[in-house]
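Notes follow once the structure below has been shown.
The values are calculated or read from the model by the stated rules, or taken from the named source; none is laboratory data. All values reported here derive from a predicted model rather than from experimental measurement. Reconstructed Cβ throughout: ideal geometry from the backbone, glycine too, with neighbour counts over all protein chains shown.
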Amino acid sequence: MLNEYFGLSEKHTTFKIEIVAGLTTFLTMAYIVFVNPSVLSLEGIELTDIERMDKQALIAVTCLVSGLATIIVGIFAKAPIAMAPGMGLNAFFAYLVSSGKMDWQTALGVVFLSGLFFLILTLLGLRKRLVEAIPESLVSAIAVGIGLFITFMGLVKLGIVVSDEHTLVKAGPLDATVLIGLFGLLVMIFCEMKKIRGGLVAGIFASTLLAGLFGRIEMPERFISLDMNLRAVSLRLDILGALKWSFFGSIFTLMFIDMFDSVGTLVACCHQADMVDKENRIEGLDRLLGIDAIATMIGALFGTSTTTAYMESAAGIEQGGRTGLTAVVTGTLFLLTVLFVPVVGIVPRYATAPALIMVGLFMMKEVKRIDFANIEEAFPSFIIMVMIALSYSISTGLAFGFVSFTLIKMVSGKVKEVKAAMWVIAALSVLFLTLDHMPGMIERLRSIV
């Protein structure tokens with residue numbers, strides 16, 4: 001039955017291979033169970049009058065949303081792709097709340113609306129056209145840029161990089177917590193050297209164990225819990241509060257970030273899994289993009305940031321995963337993780353920080369797919385990579401890169417090489433970059449008239 005539904009024989013795989021692949025994907029991306037709640041609960045950030053999201057509830061929600069979204073991908077899209085709350089996307093969510101622009105309930109409303117608008121674009125077929133219009137070099141640059149961004153986040157959370165009023169950033173002191181985190185990083189590197197799957201989780205566990213030995217964590221009263229206090233964050237979103245013109249920019253930004261987060265992942269992973277037709281187009285792309293949008297809406301209802309496809313899916317694909325059974329196994333393991341929420345909650349943020357650094361390393365591998373010999377694509381790719389990291393904004397980096405790509409094509413007299421959908425992307429990028437200045441520009445035009 002499974003063979004017929006998922007087409008195991010057709011994809012030259014077996015039940016055993018798919019199980020191992022699903023387990024591998026889970027072990028590779030299980031760090032999000034620790035990291036996502038830490039980011040969304042604004043752990044480590046000093047706040048006064050801002051309400052925080054409940055970290056314990058966020059741990060359970062992260063497991064449930066990741067599990068459900070990934071299983072939906074496996075059953076309906078039949079692809080070995082895992083979905084979960086996205087890194088970078090959750091950082092933007094945290095920024096909206098910590099900056100005081102809105103409370104977390106309204107931020108969840110913004111996430112829901114971005115998913116709804118994305119679903120509409122997907123049903124109209126517009127999102128697929130936008131995906132297929134982006135040159136391969138720029139798609140790879142997106143992954144590299146996000147990798148640099150995530151690495152920087154990890155270095156800051158670990159304490160290796162700290163702020164400085166003169167040089168913006170500098171190296172931090174090697175205190176006990178930093179050394180504990182670095183020990184976990186060494187474990188992760190060792191596992192990668194020896195080709196041991198689950199190295200990120202092993203490193204997190206090693207750092208947490210070491211922190212416990214030195215009395216830097218508090219053990220929970222129980223290790224298994226069936227009491228999931230989802231009500232602390234679930235169904236608390238404020239959609240009406242998010243329907244304000246002043247929040248349109250935030251909705252657009254989330255749409256922009258999610259679009260190109262998922263683009264890079266789906267293009268890379270689907271090609272690796274041989275999910276392409278004779279014209280090199282991804283099979284079932286519309287369905288994958290639709291599930292991506294629906295998963296974001298479901299995630300907002302549960303109480304987490306934008307849900308997207310994960311690059312770590314490539315780990316399972318490398319182990320031979322070729323069908324949706326891989327995703328079903330991964331999703332089921334995430335659901336089972338809910339039982340161990342109390343244990344997950346004791347993991348300190350400096351233990352999870354090395355996982356971000358390693359994920360950045362994995363994503364940097366995409367740099368070899370960029371054609372640096374072609375300056376027309378090399379420069380926009382370079383801008384994307386650098387600006388994502390240095391502007392601390394994925395969407396800003398992408399916007400600069402897409403605008404520079406179209407401008408270079410115009411200057412070189414190769415306008416016909418730019419697809420129509422790419423012009424739309426460039427226009428959206430310009431809108432994004434000028435959105436904050438739009439009210440002032442309108443007032444200036446009125447004064448002139």
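List of remarks:
- Residue count for segment 273-297 satisfying the condition of being exposed (fewer than 15 other Cβ atoms within 10 Å of the Cβ) and among the polar types (S, T, N, Q): 1.
- Here is the figure for segment 230-277: residues that are hydrophobic (A, V, I, L, M, F, W, C), outside any helix (DSSP H, G or I) and closer than 22 Å to residue 310 by Cα total 3.
- Single residue of 79, 91 found to be in a loop (DSSP other than H, G, I, E, B) and not β-branched (Val, Ile, Thr): 79
- Of the set (1) under 20 Å from the mean Cα position of the chain (by Cα); (2) assigned to a helix (DSSP H, G or I), all apply to residue 392 but (2).
- Residues of segment 335-354 satisfying the condition of being part of a helix (DSSP H, G or I), modelled with pLDDT under 80 and buried (at least 21 other Cβ atoms within 10 Å of the Cβ): 341, 344, 352
- Within segment 1-48, the only residue that satisfies the criterion of being within 30 Å of residue 95 (Cβ to Cβ), among the hydroxyl-bearing types (Ser, Thr, Tyr) and loosely packed, with under 14 Cβ neighbours inside 10 Å is 48.
- The single condition from (1) free of Cβ contacts under 8 Å to residues at least 40 places away in the same chain; (2) touching an Asp or Glu at 6+ places or on another chain (Cβ under 7 Å) that residue 103 fails is (1).
- Some residue of segment 278-286 being assigned by TED's automatic domain parsing to the domain that holds residue 121, out of contact with any helix residue (DSSP H, G or I) (no Cβ under 9 Å at 6 or more places or on another chain), of a type in the set (D, E, K, R) and under 29 Å from residue 425 (Cα atoms): yes
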